[in-house]
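J.: My questions will all concern the structure given below.
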């Protein structure tokens, strides 16, 4: 007998995987140029030149036994120093390298943080729409996952709903901004009211409630006047889970970090528990060469103009056709209201026109669909007549 | 309240870490050339040229969006094909690429396999001396860890002891050959008798007992007439947990794989449960560029002659001085009998001569000490007078 949960997780084809297979089949039938796949959140812009330059320099100058050798479990001190310096300078916080723990990407950052803090009976809250793996990770460490329904159509966070949901078992709240799948950025106002509720409830229950900020999309913002507030500045009991997957277009390299707010109550214990959790989960250390490579690329990104052009084209095109959609300020997703209540039925209809969308139900937001616009611009252009035919079905 | 277990794991300084700190302090006091640190199992020979060549080629020729992009959770099909082909050709088995699951190294291979199979009440058996993290990983997935005492002085496996230890709760047996810390290679005879006991007990209890073969040292063998038997050929319910950390001197890059024997009962379910466990543990995929790099380096190793020269020098030197030691055929460790029953007391005495050794107690084998000879040859040469002084204390 194997673990039933693991077998189910590994066997159940994900919705996105099924769409991918459908897309392959259709591409063979009608030609790849006639299939419009908006399902996958895989960066479509190459890593910036600094990544290749950094790797070539490292291969040339570093002792290979060091370059490819174990780092300490927390990560190479040079990498942690570079990251702390950059974050401090950019966001006005006061991280030391010993507040940074290098990880194999955002998923590792999240599960390690959850494993560090979870004790039996703990509950973790997230806000729909949310990245579906949150539930998988929370349950894998033995926690209960609770969801606050979407605050449609703004897709911010309702402090009132949070106040009603937090209870004595709440260990942490997970947020994701810029958000996958809505593209929304939580405003400073939202973070302030979130922090106020968590502080009030922590006092009421006599224990801290942590904020886990999942931030792989932090740099993917397309308007100069919009910034992504840094959650640590609003709430001291914050852990930032970061990844370079999107900012440097390195999703396969599995490189990111955890930053523990130095102002957190018991911040040293949290950091050590994170070290313990990383060890218990078999992480050993983050990939060594990429630790040093990202250290050399702080503040760099791929050419985000390509995503911005895609966003504008898709958002303008779809709203002109009559689709309703919250304006996506960041990430590379558009969260469109389904013209019928059943988002899965809408996705099925879209498939008739070879438009591959992902239903919102999996993100905890039925009635919506996600479009990933990290695609070729020409595909968006070619897709517009198909969207027009699709919306006509609802007129 | 954080997880007490994780806090303890992260706070407790490992013995090896303490030795490392002591060594640093002494190096500052007496000069680094007078400190003889045999404590760390970190490869001391550089990665072979093929690794750098592969990376340069990949950076030059691959689309960066593919090279650094997500692979499927199982791993890039090209990498899995290259590995299956190489293992099949080398060991005469019949793996398909779909029996291979790429991982972030041996630790990830182990914990993913354990998580895939563990259900409440399960027990996992290993043989002393064993790699201490086995206990951490088994307990992290909720299993009970049982140890069979050392089969000194041969350090093979006693089938009799195994027969007495296996019970209805035994889910799997973990072996490690070439062994850390003994350097011993389990013989074909040993694997045959191990398989016979597991088959007998599986029949008795009516469920399979899996064999987890942890094989990061497989290629580190120093005599032409000695081979490391491939466990899958002796026992069908085998999972091989492999890593390129030692063979290609890439321990920091976290790259390895799991191979599920296609002859295993329910082998497809095991593979899917492994996919699920990798997902639940936040692994997403193994580092993408190194998946392709190791695919290009199948069958290559660093210059193992350096380890062989070290082994011969250290083994001959110590046995000539009167130390007792099983002949280490593989890995890069020597497991020396402590001249007094208390191995920790012996390690303390050794520190007086700036000889840094690791006590066997942590490996489940009190009365022995581990010396890692992945060091500079000149350090071994310089250390001999210190060993001579040390053994004189016991004459």
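J.: Of the conditions (1) at the interface with chain A (Cβ under 9 Å from one of its Cβ atoms); (2) crowded, with 24+ Cβ neighbours inside 10 Å, residue B:139 clears all except one; give me its number.
T.: Unmet for residue B:139, out of (1) at the interface with chain A (Cβ under 9 Å from one of its Cβ atoms); (2) crowded, with 24+ Cβ neighbours inside 10 Å: (2).
J.: Another one. Conditions: (1) in contact with a strand residue (DSSP E or B) (Cβ under 9 Å, 6 or more places away or on another chain); (2) within 14 Å of chain B (Cβ to nearest Cβ); (3) buried (at least 18 other Cβ atoms within 10 Å of the Cβ); (4) over 30 Å from residue B:63 (Cβ atoms). Residue A:9 meets all but one. Number of the miss?
T.: (1)
J.: From A:129, A:120, grab the single residue that is under 20 Å from the mean Cα position of the chain (by Cα) and assigned to a loop (DSSP other than H, G, I, E, B). Steps first, answer last, please.
T.: Working: A:120 fails: under 20 Å from the mean Cα position of the chain (by Cα).
Step by step, each of A:129, A:120 is checked, and only A:129 is under 20 Å from the mean Cα position of the chain (by Cα) and assigned to a loop (DSSP other than H, G, I, E, B).
J.: Please specify each residue of the stretch A:1-25 satisfying the condition of being closer than 19 Å to residue A:361 by Cα, in a helix (DSSP H, G or I) and at pLDDT below 85.
T.: Within the stretch A:1-25, A:15, A:16, A:17, A:18, A:20 meet the criteria.
J.: Just one of (1) over 24 Å from residue A:250 (Cα atoms); (2) out of contact with any strand residue (DSSP E or B) (no Cβ under 8 Å at 6 or more places or on another chain); (3) in the same structural domain as residue A:335 (by TED's automatic domain parsing) trips up residue A:22, so point out which.
T.: Here residue A:22 clears every test but (2).
J.: Next question. Consider residue A:183 against the criteria (1) away from every other protein chain (no Cβ under 14 Å); (2) on the phi < 0 side of the Ramachandran plot; (3) assigned to a loop (DSSP other than H, G, I, E, B): it satisfies all of them except one. Which criterion is unmet?
T.: Here residue A:183 clears every test but (2).
J.: Can you tell me which residue within the stretch A:30-61, out of those that are more than 10 Å from chain B (Cβ to nearest Cβ) and in a loop (DSSP other than H, G, I, E, B), is surrounded by the most Cβ atoms within 10 Å (Cβ to Cβ)?
T.: Out of the qualifying residues, it is A:38.
J.: Continuing with the same structure: Return the only residue of B:206, B:252 being assigned by TED's automatic domain parsing to the domain that holds residue B:91 and at positive phi.
T.: Testing whether each residue is assigned by TED's automatic domain parsing to the domain that holds residue B:91 and at positive phi leaves just B:206.
J.: Do you know which residues across the stretch B:294-342 are without any contact (Cβ under 8 Å) to a residue 60 or more places away in the chain, within 18 Å of residue B:375 (Cα to Cα) and surrounded by 22 or more Cβ atoms within 10 Å (Cβ to Cβ)?
T.: Correct list: B:336 only.
J.: What's the number of the only condition in (1) crowded, with 19+ Cβ neighbours inside 10 Å; (2) assigned to a loop (DSSP other than H, G, I, E, B) that residue B:172 fails to meet?
T.: Against the list (1) crowded, with 19+ Cβ neighbours inside 10 Å; (2) assigned to a loop (DSSP other than H, G, I, E, B), residue B:172 comes up short only on (2).
J.: For residue A:73, only one of the following conditions fails: (1) touching a residue at least 60 places away in the same chain (Cβ under 8 Å); (2) at the interface with chain B (Cβ under 10 Å from one of its Cβ atoms); (3) farther than 28 Å from residue B:65 by Cα; (4) buried (at least 21 other Cβ atoms within 10 Å of the Cβ). What is its number?
T.: For residue A:73, the exception is condition (4).
J.: Shifting gears a bit: Looking at the stretch A:12-29, which of the residues that are more than 13 Å from chain B (Cβ to nearest Cβ) and within 19 Å of residue A:332 (Cβ to Cβ) is surrounded by the fewest Cβ atoms within 10 Å (Cβ to Cβ)?
T.: Looking at residues that are more than 13 Å from chain B (Cβ to nearest Cβ) and within 19 Å of residue A:332 (Cβ to Cβ), I get A:15.
J.: Continuing with this model, one more query. State whether the residues of the stretch A:88-98 include one that is part of a helix (DSSP H, G or I), closer than 26 Å to residue A:284 by Cα and within 14 Å of chain B (Cβ to nearest Cβ). Steps first, please.
T.: Filtering the stretch A:88-98 down to residues part of a helix (DSSP H, G or I) leaves A:88-91, A:97-98.
This time we only want the ones that are closer than 26 Å to residue A:284 by Cα, so: A:97-98.
Okay, now just the ones that are also within 14 Å of chain B (Cβ to nearest Cβ), so A:98.
Looking through the stretch A:88-98, at least one residue is part of a helix (DSSP H, G or I), closer than 26 Å to residue A:284 by Cα and within 14 Å of chain B (Cβ to nearest Cβ).
The values are calculated or read from the model by the stated rules, or taken from the named source; none is laboratory data. Quantities reported herein were computed from a predicted structural model and do not represent experimental measurements. Every residue, glycine as well, gets a Cβ built from its backbone with ideal geometry; the counts of neighbours run over all protein chains shown.
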